[in-house]
Amino acid sequence: MKEIAINGQKREITGKKASKMIRKEGLVPCNLYGEKKGENGQPEAMSFTATFAELRKAVYTPHVFVVNLNIDGKEHKAIIKELQFHPTTDALLHADFYEVNETKEITVGIPVKLNGLAEGVRNGGKLNLSIRKIDVTAPYKQIPEILNVDVTNLGLGKAIKVGELSFDGLKLATPAQVVVCSVKETRASKAAAAAAE
């Protein structure tokens, strides 16, 4: 996985009012969830702020990054867990990060890349990508930037499901029956089939 650096400052005051003031200053309120657990057994969050300019390089991209967070001089490795956007302006309102290490398994959505010319496409069909990302589980060092799926032998009217795929060192967390891609019949492919008959 690619790595990216983001600087942040710890914030002591939390809540809706404080968050509004933070946003007015051009900052984004963030939380980092780590190993530390609270009294109820839930992960405890460290609240911090980062500038929109710092965050945008990790947010507005198709890539999945391991984020090297520097909060007041202390380093944390994390992945983005959740993002909240304004419903009408699409502005980033809040970001949650999840602390990772080399042994702890994480589940993250990785982009799918289709490779090869499908047999069904050669016969006039149309290749259709149904999902852009597949959720995988593994320690972050083992997670690739993209998942390559070979479609060369995919025939007309056929599909590849998540359950048919496997990648070294990765557990697939997306349900096995989910369709990754398929070759749809087109008018051209039906005409070609009729002519062949």
| Which of rounded, prolate, oblate describes the stretch 135-188, given a ≥ b ≥ c as roots of the alpha-carbon gyration tensor eigenvalues and a/c under 1.5 marking rounded, otherwise prolate only if a/b is larger than b/c? | prolate
| remark: For GLY155, the residues 5 or more places away or on another chain with a placed amide H closer than 5 Å to its own amide H are GLY120
| message | Residue by residue through the stretch 139-154, what is 3J(HN,Hα) from phi via Karplus (6.51 cos²θ - 1.76 cosθ + 1.60, θ = phi - 60°)? Round to whole Hz and write x for glycine and proline. | response | x, 4, 5, 8, 8, x, 6, 9, 10, 7, 10, 7, 10, 3, 8, 7
| remark: Quarter of the surface of the C-alpha convex hull for the stretch 2-100, i.e. direction-averaged projected area in nm², equals 6.8
| task | Would you compute, for the Cα atoms of the stretch 106-196, the largest minus smallest coordinate along each principal axis and list the three values in descending order, in whole Å? | result | 52, 21, 16
| message | Students often get this wrong, so check it: of LYS74/LYS141; LYS17/LYS104; LYS57/LYS104; LYS17/LYS171; LYS20/LYS77, which have C-alpha atoms separated by over 32 Å? | response | LYS17/LYS104; LYS17/LYS171
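Could you give the size of the charge dipole of the chain about its Cα centre, using +1 on the Cβ of each K and R and -1 on the Cβ of each D and E, expressed in debye and rounded to the nearest 20?
On the way: 28 positive and 23 negative charges, 128 e Å.
Dipole magnitude for the chain comes out near 620 debye.
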| task | Please list, in chain and number order, the residues 5+ apart from THR174 or on another chain whose amide H is under 5 Å from its amide H, with Hs placed from the backbone. | result | ASP135
| Among THR89, SER47, VAL59, which residue has its Cα positioned farthest towards the positive end of the charge dipole of the chain, with +1 placed on the Cβ of Lys and Arg, -1 on the Cβ of Asp and Glu, and the dipole taken about the Cα centre? | THR89
| said: Whole percent per 10 Å bin, from 0 to the bin with the longest distance: what is P(r) over all C-alpha pairs of the chain? | reply: 8, 28, 26, 19, 12, 6, 2, 0
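Bear in mind that the values in this text are calculations on the coordinates, not laboratory data. No experiment lies behind these values; they were computed from the predicted model shown. Don't worry about glycine lacking a Cβ; one is built from the backbone with ideal geometry, like all the others, and counts go over all protein chains shown.
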